[in-house]
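Asker: Starting off with a structure, shown below.
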Amino acid sequence: MLEIEGLDCRYGKVRAVRDLTLEVREGELVTLIGANGAGKTTTLKAISGILRPAAGRIAFDGEDITRASARAILAKGIAHCPEGRHVFPYMSVQENLDMGCYLRRDPGGIARDLRKVFERFPVLEERRRQMAGTLSGGEQQMLAIGRALMSRPRLMLFDEPSLGLAPNLVETTFEIIAEIRAQGVTVLMVEQNAYAALELCDRSYLLESGAVTLTGSGAELLDNPHVKEAYLGG
């Protein structure tokens, strides 16, 4: 479904991602793990069109999207749930969800998907007229996920979905992501909590200093001595 070959991304003279190659097959849940500054978020930004790569190729369903706009990439079925949630704070919950489907032209389908979001996150329906910036961190995460789902994605990019959440909400968030995957949405997830990410995923890529240094199933990386020592606390 998603193929990346030789990806290079830069911020000025800083090479944040270098010669990165990975794939995500349809129906998979794939994770990117690694330390802060390893290039994980940059990779997601390149996929979703927020950042223009310096070199390399990104293909979705065999179509080159390397130079496509963020709008065009969203229209093709790739939704990005960014780090730190980034809801529109001065817009209501309902208006935030409406922003998730602004490219769609199927009122009936939008209404059905809105009902599904409210069934998954009842608190959002209760607070649909409330300003998004007044929600708790966990509620904003629910809203960010709901907004992404309103685009009816085939591939969802999650960037640090557990970041800043209370411990009791972290497990719930991962359960939601697993449920989304079980319902047929392919997932590529960046997650600082390496243990939880590897427990959840089919396959994972370890990024270090902007490059892939290790790949394998979640179970294989959980059992890898380097991953254990550097990212799982021994």
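Throughout, read-outs are computed from the coordinates displayed, never taken from laboratory work. Owing to the predicted nature of the structure, the values given are computational and were not obtained by experimental measurement. All Cβ positions, glycine included, derive from the backbone under ideal geometry; neighbour counts span all protein chains shown.
Asker: Where does the charge balance sit around residue 98 when Lys and Arg score +1, Asp and Glu -1, over other residues with C-beta under 13 Å from its C-beta? Before the final figure, lay out the partial values.
Answerer: On the way: positive: 104, 128, 129, 147; negative: 95, 113.
So the surrounding residues net to +2.
Asker: Compute the distance in nm between two label points, each set 7 Å from the Cα along the Cα-to-Cβ direction, one at residue 14 and one at residue 61.
Answerer: Placing both labels 7 Å beyond Cα along the Cβ direction yields 3.6 nm.
Asker: Would any residue of the range 94-110 have its amide N under 18 Å from a label point 7 Å out along Cα→Cβ of residue 71? List them or say none.
Answerer: Under cut-off, by backbone N: 98-106.
Asker: Of the listed peptides 124-136, 42-54, 100-112, what is their order by residue-averaged count of other C-beta atoms within 10 Å, with the highest listed first? Working shown, then result.
Answerer: Values: 124-136: 15.6, 42-54: 20.9, 100-112: 12.5.
For the peptides 124-136, 42-54, 100-112, the packing ranking is 42-54, 124-136, 100-112.
Asker: Using a/c under 1.5 as the rounded threshold, could you call the range 194-234 rounded, prolate or oblate? The axes a ≥ b ≥ c are square roots of the C-alpha gyration tensor eigenvalues, and prolate needs a/b larger than b/c, oblate otherwise.
Answerer: On the way: a/c = 1.66, a/b = 1.11, b/c = 1.50.
Oblate.
Asker: If you don't mind, there's one more thing I want to ask. Output wanted: per-residue J couplings in Hz (rounded whole) for the range 72-83, from phi through Karplus 6.51 cos²θ - 1.76 cosθ + 1.60, θ = phi - 60°, x for Gly and Pro.
Answerer: With the stated coefficients, the range 72-83 comes to 5, 5, 4, 5, 7, x, 10, 10, 10, 9, x, 4 Hz.
Asker: Another one. Along the range 166-181, what does the Karplus equation 6.51 cos²θ - 1.76 cosθ + 1.60 (θ = phi - 60°) give for ³J(HN,Hα), rounded to whole Hz, x for Gly and Pro?
Answerer: Calculated HN-Hα couplings, in order: 4, x, 6, 8, 4, 4, 4, 4, 5, 5, 5, 5, 4, 5, 4, 4 Hz.
Asker: Further, regarding this structure: Length gain on complete extension for the stretch residue 195 to residue 175, per 0.36 nm per residue less the alpha carbon to alpha carbon distance? List each step's numbers first, then the result.
Answerer: Numbers: separation 20, 0.36 × 20 = 7.20 nm, distance 1.46 nm.
Full extension of this stretch gives 5.7 nm more.
Asker: Tell me, what is a quarter of the convex hull surface for the C-alpha atoms of the chain, in nm² with one decimal?
Answerer: Values: hull surface 49.7 nm².
Dividing the Cα hull surface by four gives the mean projection, 12.4 nm².
Asker: Springs between alpha-carbon atoms under 10 Å, Gaussian network over the chain: tell me which of 203, 71, 57 tops the mean-square fluctuations.
Answerer: 71
Asker: Rounded, prolate or oblate for the range 45-98? Axes are the square roots of the Cα gyration tensor eigenvalues, ordered a ≥ b ≥ c, and the cut-off for rounded is a/c under 1.5.
Answerer: Details: a/c = 3.26, a/b = 2.08, b/c = 1.57.
The shape class here is prolate.
Asker: If you take all C-alpha pairs in the range 21-145, what percent of them are over 19 Å apart?
Answerer: Working: 4470 of 7750 pairs.
Tail of P(r) above 19 Å: 58 percent of Cα pairs.
Asker: Now for a different question. Can you list residues from other chains, or at least 5 along the same chain, whose modelled amide H is less than 5 Å from the amide H of residue 65?
Answerer: Long-range HN contacts for residue 65: 58, 59, 60.
Asker: Next up: Using a/c under 1.5 as the rounded threshold, could you call the range 65-135 rounded, prolate or oblate? The axes a ≥ b ≥ c are square roots of the C-alpha gyration tensor eigenvalues, and prolate needs a/b larger than b/c, oblate otherwise.
Answerer: Numbers: a/c = 2.26, a/b = 1.40, b/c = 1.62.
Here the range 65-135 falls in the oblate category.
Asker: Listing 201, 9 from the residue with the fewest other Cβ atoms within 10 Å to the one with the most, what is the order? Show your work: numbers first, answer last.
Answerer: Values: 201 26, 9 22.
Ascending number of Cβ neighbours within 10 Å: 9, 201.
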